[in-house]
Amino acid sequence: MDIKLPVVYVVGDSTVSTFSDDYYLPRCGYGAQLSRYLREGVKVVNLALSGRSSKSFLAEDNYSILRQNLASGDFLVIGFGHNDEKREDERYTNPNLPYTEEDTSRGLSFKYNLYKNYICLARDRGATPILCTPIVRLSEEDDYSGVCGHITQTVGGYEGGDYPAAIRKLGKDVGVTVVDLTASSMARYLRLGHQKAALFHGWAGTSNGVPAGLDGTHLNAYGAAYTAYEWAVALSLSDNPLKNYLLPDLLPPEEGELKAAVNPDYREPQYAPFNADMAQKLHFKLPTPWYATVMGDFGGGEHIKEFVVGGDGSSFTVGNASVVPRGKISARTDGFAAAFIVIPSNQNFTASAGCEVLSVGDDADGQTAFGMMLRDDIYADQFVPALNSNYIAAGIAGGNGIAFRKGGKLTKGPEGRSIAAGQRFKLSIERVNQQLRAKVDGLSKVWYDFDLAAVDGANDYLCLFACRHVTVRFTDVKVTFTGISSRA
């Protein structure tokens, strides 16, 4: 007589879901790897969806599928948290309220939502729920005491709190097994250090053959398999009946699987100098000789419309104020909107502008930036997830004045400044032969023989840029050419 094996249903966000993307090291949620540690014949149905919180998932077809099919003897693995932190009504849930709290005046209770719409659903059907705390976000500083460990601050009326602790407390209060992936992923990352921990994550692309565009939130297939292994080990030490369907010998994936996780169809983007044909296809239009672009690591071409670039040649408004923050100036990759002008690489010039901050969103953070930039290359409305080419910038990057990237490494100035609407700055960049100088108000920095020819040897590009929940206005913009540069 055949013994009916259970079905394991999985719900959660992008760190749990399956993916289909064109990354160099494609993203993969741990839900896609759970079956490798379960007995043959135990079916895993992964319903997790990217970008969803425990609240927004309720409106999805996949939640309806769960309600229609979850049956007695099945299991429900619940992996939310990453997006419940988002400060927007569609996704936010409050981690501080008890699981009995139905009142939503302080936001929907995270615990109540998990209990009412997931745990009770499973138990009503005779299925067994399993709660999972969210994996940590990779921290370059090995600091998981804050947002990388899902412990948030109160901002703009949205209460912050400790989301993993909320899940642990809920499990204890209602008698549900909790697999603490926050603790296990944190311990592993701290043991290995940032550089080795990064090997578990997605990498968007390569730059000159070297992996670039690290995705600190999402795992690759190797990292997902390792997380699934930790999930299985924790389950084996619990009293949850799903432990009876685990493989008898639980072994972590070998590091050699990292090579197998690389996308065999990935091809590094090839740069083409900006030309008139590209200008005709740009989404935003400016009076020549100025052009507008959204370029780099900003989430994909469909998000171009979430930026704004406009102006008349002497005044420009540039920024991003979308619900989800787009673009970044980060340690590994850049993405931004810009009004730009082409400057021959042998041309001396002086550029200046006033800059006023028009708006700053609640999700502005250390990757939010704006200002005047002179860079080696320009991409015309192109998603380049591994963009990390050379530039100097007079502006504000994560609260620090003046930044530059050289050889892929980002360096930010020493002055820390918070960003607020109404702030005003005076910006300038000039080239005199081998010397480049950037100024932000009273702050100034000079470079000699700075390489702005590694990608595009013919031209440089002066950009008025902004990204990630900030919108600024550049006024009294002036670019004056002062002759051909002489090289020593």
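The values are calculated or read from the model by the stated rules, or taken from the named source; none is laboratory data. Source: prediction; values computed, not measured. Counting neighbours? That spans all protein chains shown, and the Cβs are built from the backbone with ideal geometry, glycine included. Each accessible area value is taken on the protein alone, full model and side chains, heavy atoms only, with ligands, DNA and RNA left out. Shrake-Rupley method; radii C 1.70, N 1.55, O 1.52, S 1.80 Å.
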Honestly the stretch 146-246 on the Cα gyration tensor test (a ≥ b ≥ c root eigenvalues; a/c under 1.5 rounded, otherwise a/b vs b/c for prolate or oblate) is just oblate
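Which whole-number value in Å² is the accessible area per residue of the stretch 434-488, probe 1.4 Å? Intermediate values should be presented prior to the final figure.
Working: 2560 Å² over 55 residues.
That works out to 47 Å² per residue.
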Quick check on the stretch 177-321: what does the Kirkwood estimate of hydrodynamic radius come out to from the alpha carbon pairs, in Å? 19.5 Å
The chain: angle of helix 181-192 to the longest principal axis, Cα-based, in degrees nearest 10: 50 degrees
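Quick one: dipole size for the stretch 119-264, taken about the Cα centre, charges +1 on Lys/Arg Cβ and -1 on Asp/Glu Cβ, in debye to the nearest 20.
Numbers: 11 positive and 16 negative charges, 64 e Å.
Approximately 300 debye in magnitude.
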Say each of L58 and K4 gets a label point 7 Å from the Cα, pointing the same way as Cα to Cβ; how far apart are those two points in nm? 2.9 nm
In the list [x] 17, 34, 26, 16, 7, 1; [y] 18, 42, 26, 12, 2; [z] 23, 49, 24, 4, 0, the entry giving P(r) over Cα pairs in 20 Å bins from 0, in percent computed from the coordinates is [z]
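Suppose R0 equals 22 Å. What FRET efficiency, 1/(1 + (r/R0)^6) with r the Cβ-Cβ distance, do N69 and C120 give to the nearest 0.05?
0.85
What does the C-alpha gyration tensor say about the overall shape of the stretch 72-118? Classify as rounded when a/c is under 1.5, otherwise prolate if a/b is larger than b/c, or oblate. It would help to have the intermediate numbers written out before the result.
Details: a/c = 2.76, a/b = 1.53, b/c = 1.81.
In terms of gyration-tensor shape, oblate.
So, in the stretch 106-224, how many Lys pairs have Cα atoms under 17 Å apart, if the pair is 8 or more places apart or on different chains?
Details: K111/K169; K111/K172; K116/K169; K116/K172.
Summing the qualifying lysine pairs gives 4.
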Which of the listed residues, A351, G299, A331, is farthest toward the dipole's positive end in the stretch 235-393, when Lys, Arg count +1 and Asp, Glu count -1 at the beta-carbon? A351
Helix 221-236: angle to the longest alpha-carbon principal axis of the chain, degrees 0 to 90, nearest 10? 30 degrees
Leading residue at positive end of dipole, the chain (Cβ point charges), from A421, A166, T133: A421
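What is the Rg over Rh value, at two decimals, for the stretch 1-148, using alpha-carbon atoms and the Kirkwood definition of Rh? Don't skip to the answer; put the middle values down first.
Numbers: Rg = 16.2 Å, Rh = 16.3 Å.
Rg/Rh for the stretch 1-148 comes to 0.99.
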Which Cα, out of F370, Y391, I402, lies furthest along the positive dipole direction of the stretch 365-431 (beta carbon charges, K/R +1, D/E -1)? I402
Between L250 and L192, how high is the FRET efficiency from 1/(1 + (r/R0)^6) when r is the Cβ-Cβ distance and R₀ = 25 Å? Nearest 0.05. 0.80
With the full set of protein chains in place, find how many percent of the accessible area of the stretch 143-184 is carbon and sulfur; take the probe as 1.4 Å. 54 percent
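For the chain, give the magnitude of the charge dipole about the Cα centre (Cβ charges: +1 Lys/Arg, -1 Asp/Glu; no others), in debye to the nearest 20. Display every interim value, and only then the final one.
Details: 48 positive and 55 negative charges, 101 e Å.
Once rounded to the nearest 20, the dipole reads 480 debye.
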Pairs of Cα atoms under 8 Å, at least six residues apart: use those to get the relative contact order of the chain, whole percent. 14 percent
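To the nearest 20 debye, what charge dipole does the stretch 273-347 have about its Cα centre, counting +1 at the Cβ of each Lys and Arg and -1 at the Cβ of each Asp and Glu? Could the numbers behind the result be given before it?
Working: 6 positive and 6 negative charges, 15 e Å.
For the stretch 273-347, the charge dipole is close to 80 debye.
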Hits in the stretch 76-108: amide N under 20 Å from the 7 Å Cα→Cβ extension of A165, namely 80-87, 93-101, 106-108
From the Cα gyration tensor of the stretch 296-437, with a ≥ b ≥ c the square roots of its eigenvalues, which class applies: rounded if a/c is under 1.5, or else prolate if a/b is larger than b/c, or else oblate? rounded
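With r as the distance between the Cβ atoms of T288 and S35 and R0 = 45 Å, compute the FRET efficiency 1/(1 + (r/R0)^6) and round to 0.05. Could the numbers behind the result be given before it?
Numbers: r = 57 Å, r/R0 = 1.26.
Working from the Cβ atoms, E equals 0.20.
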